[in-house]
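Trainee: Before I ask anything, here is the structure I am working with.
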Amino acid sequence: MSNVEFAVNGRFLTQDTTGVQRYARNVVLHLDQVLKARSASATIFAPQTAFDPELEQMPLVKIGRVAGHAWEQFVLPMRWDGHLLNLCNTAPALKTKQVVCIHDANVYIKPESYSLSFKAYYKILQSLIVRGSAKITTVSSNSAAQIAKHLSLDYSRINVLPNGHEHALEWKPELALVAPSIIAGRGGEAGRPFVLAIGSQAEHKNMKLVTEIAPKLCELGIDTIIAGGSASIFSNHIPTNTKSVSFIGRIDDNDLAFLMDRALCLLFPSWTEGFGLPIVEAMARNCPVVSSDRASMPEICGQAALMAAPDDPSKWVEHVSMLAEYPDRRNELILFGQERVKKFSWHRTADAYADLMQN
């Protein structure tokens, strides 16, 4: 591969870090290591406002005077005619020599989660991408099946290259700035347990279930904390002034680690997800998981989480109550999680992307 050079669409380096951007950042970080071992290199092209990850084998080149979709559709393909790797759902619509990761088919499965303009743009763009690109990747087998169904694509054309867990091991809870005061300021008794949920107000994230069961958990002596912000692409569906729930908005990774390390468990009630990255992040941090039993979640969780239907609040309360009452069962889930996350490696995924770009 030493004589093969490709480029990476670095638009994600201008965006806030959600699950999709975290995927791209970690793939690129580990791809840099893979290319070094193969004596190969690649270039990251990005708009002028991009953050520079300062990678050894993958220098950042800033091009163009615009950003956003205009940069991706016009500036990038005009500057680079060679093989292109796109990791965040979108890509130049008319380019053929490219690999594109489409993380999910949520705009088709849960369209109410998104604005009309976002849905229209993604549906048009992705239908063009899947017909012209050399290869499509995604993050789970379930996601591959949904993409194949909704975009009329042959399933065999889709490579499943999942998220990894290693980044969560590098978080430093001792450097948390806001999480300690959040826990201390809940107003409950000292040492009172809490459950943690992470997600936006998008309909498919199903935070309504968390707010619905929070009063019952409070009666059991368990607090509820919801972390995460809402992006403009999402429609608002849940109130943020619900009593018995602490809405703390977007926090950094060190604060997230502080909360995961102390939570009774993570609640992950989504109706649909391409992967469900917080699940493996929690397992990597020794935080048990109670997850929805829909979409990709059973595939990711295996036997290492407690599962419940996203519309069965009583079952969620039952699972949380059991974890609070039986520490041995909670510790068993932690051990299962430690083994489960070994299936999900950024380095293996990056190695597979290097092979794809070579081929």
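Trainee: For N159, enumerate residues with amide H under 5 Å from its amide H, sequence gap 5+ or separate chain, H modeled in the peptide plane.
Mentor: Sorted by chain and number, the residues that satisfy this are I136, T137, T138.
Trainee: Assuming R0 = 41 Å, what is the FRET efficiency of K135 and R329, from their Cβ-Cβ distance, to the nearest 0.05?
Mentor: Numbers: r = 43 Å, r/R0 = 1.05.
Efficiency at R0 = 41 Å is approximately 0.45.
Trainee: What is the calculated FRET efficiency for E299 to R65, with r their C-beta to C-beta distance and R₀ = 51 Å, to the nearest 0.05?
Mentor: Details: r = 43 Å, r/R0 = 0.84.
That pair, E299 with R65, gives E of 0.75.
Trainee: To the nearest 20 debye, what charge dipole does the chain have about its Cα centre, counting +1 at the Cβ of each Lys and Arg and -1 at the Cβ of each Asp and Glu? All intermediate terms of the calculation are to be shown ahead of the outcome.
Mentor: Details: 35 positive and 36 negative charges, 191 e Å.
So the magnitude is around 920 debye.
Trainee: Which of the pairs K95/K149; K135/K343; K36/K342; K62/K205 have their Cα atoms more than 31 Å apart in this structure? Mind dumping the intermediate values first?
Mentor: Numbers: K95/K149 23 Å; K135/K343 23 Å; K36/K342 24 Å; K62/K205 35 Å.
With Cα atoms farther than 31 Å apart: K62/K205.
Trainee: So, one more: Near the amide H of F194, under 5 Å away, which other amide H atoms are found, from residues 5 or more places off or on another chain, if H is placed in the peptide plane?
Mentor: Amide H neighbours of F194, under 5 Å, 5+ apart: D223, L264.
Trainee: Place +1 on the Cβ of every Lys and Arg and -1 on the Cβ of every Asp and Glu in the chain, take the dipole about the Cα centre, and give the residue among W80, N159, T211 whose Cα lies farthest towards its positive end.
Mentor: Of the options given, the answer is W80.
Trainee: Suppose each label sits 7 Å from its Cα in the direction of the beta carbon; what would the S244-E318 distance come out to in nanometres?
Mentor: Going by the 7 Å Cα→Cβ label model, 1.9 nm.
Trainee: Across 5 Å bins from 0, what is the distribution of all Cα-Cα pair distances for segment 167-343, in whole percents?
Mentor: 1, 9, 19, 23, 23, 17, 7, 1, 0
Trainee: Now for a different question. If the only charges are +1 at each Lys and Arg Cβ and -1 at each Asp and Glu Cβ, what is the size of the charge dipole of segment 167-343 around the Cα centre, to the nearest 20 debye?
Mentor: Computed charge dipole of segment 167-343: roughly 120 debye.
Trainee: Given charges of +1 on the Cβ of Lys and Arg and -1 on the Cβ of Asp and Glu, with all other atoms neutral, how large is the dipole of segment 20-143 about its Cα centre, in debye to the nearest 20? Could you put the intermediate results ahead of the total?
Mentor: Values: 14 positive and 8 negative charges, 56 e Å.
Charge dipole, segment 20-143, about its Cα centre: 260 debye, nearest 20.
Trainee: Further question on the same structure: Of Y23, F336, F194, which is farthest along the charge dipole of the chain in the positive direction, counting Lys and Arg as +1 and Asp and Glu as -1 at C-beta?
Mentor: It is Y23, whose Cα lies furthest towards the positive end.
Trainee: Calculate, in nm to one decimal, what S156 and S345 gain on full extension: separation in residues at 0.36 nm each, minus their alpha carbon distance. Please list the in-between numbers first.
Mentor: Working: separation 189, 0.36 × 189 = 68.04 nm, distance 2.24 nm.
Answer, rounded to one decimal: 65.8 nm.
Trainee: Between Y155, Y121, Y23, where does the largest GNM mean-square fluctuation fall for the chain, given springs only between Cα atoms within less than 10 Å?
Mentor: It is Y121.
Trainee: What does the highest-first list of 133-142, 306-315, 162-171 look like by mean Cβ count within 10 Å?
Mentor: Numbers: 133-142: 21.7, 306-315: 16.7, 162-171: 19.7.
Top of the packing list down: 133-142, 162-171, 306-315.
Trainee: Could I ask something else about it? Calculate how steeply helix 253-262 sits against the longest principal axis of the alpha-carbon atoms of the chain, using the helix alpha-carbon long axis, and give the answer as 0 to 90 degrees to the nearest 10.
Mentor: Tilt relative to the chain: about 30 degrees.
Trainee: OK, next. For A37 and C218 in one chain, what is 0.36 nm times their gap in residues minus the Cα-Cα distance, to one decimal in nm? Mind dumping the intermediate values first?
Mentor: Details: separation 181, 0.36 × 181 = 65.16 nm, distance 5.25 nm.
Contour length minus Cα-Cα distance gives 59.9 nm.
Trainee: Which one is right for this structure if Rg and Dmax of the Cα atoms in Å is calculated from it: (1) 21.2, 69; (2) 19.7, 59; (3) 20.7, 64?
Mentor: (3)
Trainee: Also, I was wondering about something else. Would you be so kind as to identify which of A324, A134, A350 lies farthest towards the positive end of the dipole of the chain, taking Lys and Arg as +1 and Asp and Glu as -1 on Cβ and the Cα centre as origin?
Mentor: A134
None of the figures in this text is laboratory data; all of them are computed from the coordinates on show. Bear in mind the structure is a predicted one, so any value in this text is a computation, not a measurement. Note that we place each Cβ from the backbone using ideal geometry, even for glycine, and neighbour counts take in every protein chain shown.
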